[in-house]
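Student: The structure under discussion is supplied below as structure tokens; questions concerning it will follow.
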Amino acid sequence: MIKNQNGRPRIGLLGLMTDGYEVTFPGIMETQKKYARSIADMLSDEIEVVFDEIGANRESIERIVADYNTEKLDGILIVLLAYSQGAWLLKAMQGNKLPVAVAVLQTNDIVQKNFEEYELTINQGIHGAQDNCNILMRLGIPYQVYAGSRFSDEFRKFIVDFARACKTRSVLQQMRIGTMGRMQGMGDILTDEMQLFTKLGVEICHDDLGCVYTLMQELKEKEIEEVMDADTEEFQIDPGLTKESHEIAVREYLGFRKYLERYGYDGFTAHFDMFGQDGRFRQLPLYAASKLMSEGYGYAAEGDVVCAAMVRAGHTLSGAPAGFTEMYMMDEATRSVLFCHAGEGNYKMADAHKKPRLIDRYLGEGGLENPPTIMFVPKKGKATLVSLVSVKGERFRLVVSRGEMLEKEDLERCEMPYFFFRPETGVKKCVEAWLKQGGTHHEVICLGDVADRWRMLCEMLDIEYVEV
């Protein structure tokens, strides 16, 4: 499994209130500190929330924010525990490099008839939030906002969405993608690699197939046998699949995995023509790509480094398996779009009760032997389709479609993983808008409606966000 794939997001809680209240209401600071701790604790099942002290004046606010940056947390959640001067946040934010969210929460959600000045004081965070958000706005710092009850499902969704977007940003900042070749003339996969590195943090590393082939030769037979044995438990094995063909696929998979591990890569992309031209490979690594996506790595075909990076990001952002895919055709009967590719797909997206099949199949691309292919259909339910578009130079645009995966798996002669996706906006409007926005022909598919997380991430990275 790829490093840090299952790590929870780490968010620093910046609880703010002026220390002048302690003179009027002795003990108020300790009471509100416990209140802040209760907020952190209620989120601890999905997020690691760091909180030790209240930011009670300019000096403490600057120290806490600096510490959160030093500890390399993923983001900061500001909660007003009473009123706090916005000016005291200014210098702290000028030195801050982490994404920010502001939540207007209250100790009490309902105004009671017997409230006195004390109760009104501990519930008056709203105007402290106004002061502090005004400063963030004037500094030009992007931030997310929530106002409402801390006990609501909306708040939990907001903070989990924010935390997942923050974690994804952290992953992107350290991401390295290995690439081997690119399809000539394929225009929408082209990008300015230095701008991709600058804007998202994704480093593109150019290698050749010799890196993988050498590692394949170093494999021990026991390593190959262990994977083949595990496959008999994980997949329904096609009786027509020979042991030799299966073994070749496993050898390629282990070679690519060791290549990613050795160089510290988060994913890879390779053009299929390279394998036939190289002369040492007998199959296209479709099985390898599927296995590695299932382990949390990024992947895309034909040298598409941008899509490979976004598949890797999709795993973290959704907190669930994400996959590489491509639009094939519109289906008027189901009001959906059929998606598939040459044979790569993340089979962890399938219903847990349906065993994927490992089949022997013919594939003309690359001119090599039949590539063992993992067949499955993703589970039905809400899904989110994403394409990162290189517009020009440092301009990037994320094109997103919300929709649902249909329960349809009746393509009897299709020997590629596939699914039918019904856009919320309708097929016609979605496809037309996709084309108008320059959406690419390689896409990332995520389980669930995670569009809000993608939107937050785009705001953090200063990337245009468009829903179609």
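The values are calculated or read from the model by the stated rules, or taken from the named source; none is laboratory data. In this text, all values refer to a predicted model and were calculated from it rather than measured experimentally. Every residue, glycine as well, gets a Cβ built from its backbone with ideal geometry; the counts of neighbours run over all protein chains shown. Keep in mind that these areas ignore ligands, DNA and RNA; they rest on the heavy atoms of the full protein, side chains included. Shrake-Rupley method; radii C 1.70, N 1.55, O 1.52, S 1.80 Å.
Student: If you check every pair at least six apart or on different chains, which have Cβ atoms under 6 Å apart with a residue in the range 258-286 that is among the charged types (D, E, K, R) first and a residue that is open to solvent by less than 10 Å² (accessible area, probe 1.4 Å) second?
Tutor: Correct list of pairs: Lys258/Leu215; Asp266/Met175; Asp266/Gly298; Asp266/Arg312; Asp278/Leu209.
Student: Exactly one of these conditions fails for Gly27: (1) open to solvent by 10 Å² or more (accessible area, probe 1.4 Å); (2) in contact (Cβ under 8 Å) with a residue 40 or more places away in the chain; (3) of a type outside the set (A, V, I, L, M). Give me its number.
Tutor: Going through (1) open to solvent by 10 Å² or more (accessible area, probe 1.4 Å); (2) in contact (Cβ under 8 Å) with a residue 40 or more places away in the chain; (3) of a type outside the set (A, V, I, L, M) one by one, Gly27 breaks only (2).
Student: Right, another one. Could you check the range 310-415 for strands (runs of 3 or more DSSP E) lying wholly inside it with 1 or more residues that are surrounded by fewer than 22 Cβ atoms within 10 Å (Cβ to Cβ) and without any contact (Cβ under 8 Å) to a residue 12 or more places away in the chain?
Tutor: Result: 327-331, 381-392.
Student: Still on this structure, I have one more. Looking at (1) open to solvent by less than 90 Å² (accessible area, probe 1.4 Å); (2) touching a Lys or Arg at 6+ places or on another chain (Cβ under 7 Å); (3) in contact (Cβ under 8 Å) with a residue 60 or more places away in the chain, which is the one condition that is false for Ile224?
Tutor: Going through the list (1) open to solvent by less than 90 Å² (accessible area, probe 1.4 Å); (2) touching a Lys or Arg at 6+ places or on another chain (Cβ under 7 Å); (3) in contact (Cβ under 8 Å) with a residue 60 or more places away in the chain, Ile224 breaks only (3).
Student: Here's another thing I want to ask about it. I'd like the full set of residues that are hydroxyl-bearing (Ser, Thr, Tyr), over 23 Å from Glu244 (Cα atoms) and outside any strand (DSSP E or B), limited to the range 261-293.
Tutor: Those that are hydroxyl-bearing (Ser, Thr, Tyr), over 23 Å from Glu244 (Cα atoms) and outside any strand (DSSP E or B): Tyr263, Tyr265.
Student: Looking only at the range 247-280, filter to residues that are at pLDDT 95 or above and aromatic (Phe, Trp, Tyr); which one of those is surrounded by the fewest Cβ atoms within 10 Å (Cβ to Cβ)?
Tutor: Result: Tyr263.
Student: Within the range 177-194, track down each residue that is within 26 Å of Pro142 (Cβ to Cβ) and in contact (Cβ under 8 Å) with a residue 40 or more places away in the chain.
Tutor: Ile177, Thr191, Asp192, Glu193
Student: Now a separate question. In the range 284-295, is there at least one residue being within 26 Å of Pro423 (Cβ to Cβ), open to solvent by 10 Å² or more (accessible area, probe 1.4 Å) and of a type in the set (A, V, I, L, M)?
Tutor: no
Student: Being within 28 Å of the chain's Cα centre (by Cα), open to solvent by less than 60 Å² (accessible area, probe 1.4 Å) and under 30 Å from Leu292 (Cβ atoms) narrows it down to one residue among Ile11, Ile78, Ile39; which is it?
Tutor: Ile11
Student: For the range 149-221, which helices (runs of 4 or more DSSP H) that fit wholly inside it have 2 or more residues that are open to solvent by less than 80 Å² (accessible area, probe 1.4 Å) and hydroxyl-bearing (Ser, Thr, Tyr)?
Tutor: Helices (runs of 4 or more DSSP H) meeting the threshold: 153-173, 210-217.
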